[in-house]
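Scroll down for the structure; my scribbles are underneath it.
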Amino acid sequence: DGVRSGLITLAQLRAVPLFDRYRFEAEAQYPGLGAASGQRRLLYESIRRMLSAQVYDVIDATQAALAQARPDSADAVRAAPALVGFSAGMRAQSQELKRFLFQNLYRHPQVVAMTDKARQVVRDLFALYLAQPQQMKPSFAVRAAAAGPEGCARTVADFIAGMTDRYAAREHERLTGLRLLA
């Protein structure tokens, strides 16, 4: 999504060894993917390979941990160190990818600004529905009325949690007249 939105580039991702390894493999198998017209397919193929490798790594590392720990009961599993996870090598590579994404995508000024607006939408909707539960869908309004003050807050939270981003934005605009999310 970050590449499609223009917040990060394929060239930036090449600096991440975990991604670049699978990008290289994809280009080696499909030489035309590196061309400008194939950039999107190259990205998808690289990510698909990278995710598959991570899944298989978790499976292999978990099998090895289970073979070593040999738990014979649920209590033995609970007492054992973590049995499910990446191998040490994949964990390190995955953490490097996460650091890259936090620095270059999740903390990108545009993403931070949109996240702040989304938080404001949720805060506003919560306050508005709590003050006027009848503004929610009828089934939730009835539930809120029957639940009393403390239960009303839980009902409002449940209602908001079930919203899509688009629906929340429309409801916010309907109730406040403000368009915070496009």
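The values are calculated or read from the model by the stated rules, or taken from the named source; none is laboratory data. Here the structure is a predicted model, which is why all the values come from computation and not from measurement. We place every Cβ from the backbone using ideal geometry, glycine too, and count neighbours over all the protein chains shown. These accessible areas exclude ligands, DNA and RNA; they are computed on the full protein's heavy atoms, side chains included. Shrake-Rupley method; radii C 1.70, N 1.55, O 1.52, S 1.80 Å.
For the reader, a short list of remarks on this structure follows.
- For segment 1-59, the calculated P(r), taken from all Cα-Cα distances in 5 Å bins from zero up to the bin holding the longest distance, is 4, 20, 29, 26, 14, 5, 2, 0 percent.
- Spatially, segment 140-182 and segment 50-108 are offset by 37 Å when compared through their Cα centroids.
- Magnitude of the charge dipole for the chain, about its Cα centre and with charges confined to Cβ atoms of Lys, Arg (+1) and Asp, Glu (-1), is about 440 debye.
- Long-range tail of P(r) for the chain (Cα pairs > 21 Å, %): 67
- Considering helices alone, the calculated mean residue ellipticity of the chain at 222 nm is -23000 deg cm²/dmol, with DSSP H runs of length four and up weighted by -39500 (n - 2.57) and normalised per residue.
- Ligands, DNA and RNA left out, the accessible area of segment 1-76 computed with a 1.4 Å probe is 55% carbon and sulfur.
- PHE24/ALA74 FRET efficiency (R0 45 Å; Cβ-Cβ; nearest 0.05): 0.55
- By the Cα gyration tensor, segment 102-182 has an equivalent ellipsoid whose semi-axes, rounded to whole angstrom, run 28, 13, 9 from largest to smallest.
- Length released on extending from GLN120 to ILE47, taking residue separation times 0.36 nm less the Cα-Cα span: 23.0 nm
- For segment 1-140, accessible area per residue (1.4 Å probe, heavy atoms of protein chains only), Å²: 65
- Segment 82-182, accessible surface, carbon-and-sulfur percent (1.4 angstrom probe): 57
- Taking a point 7 Å out from the Cα of GLU96 in the direction of its Cβ, the residues of segment 43-66 whose backbone N falls within less than 19 Å of it are 46-58.
- Area accessible to solvent at ARG40, 1.4 Å probe radius, in Å²: 140
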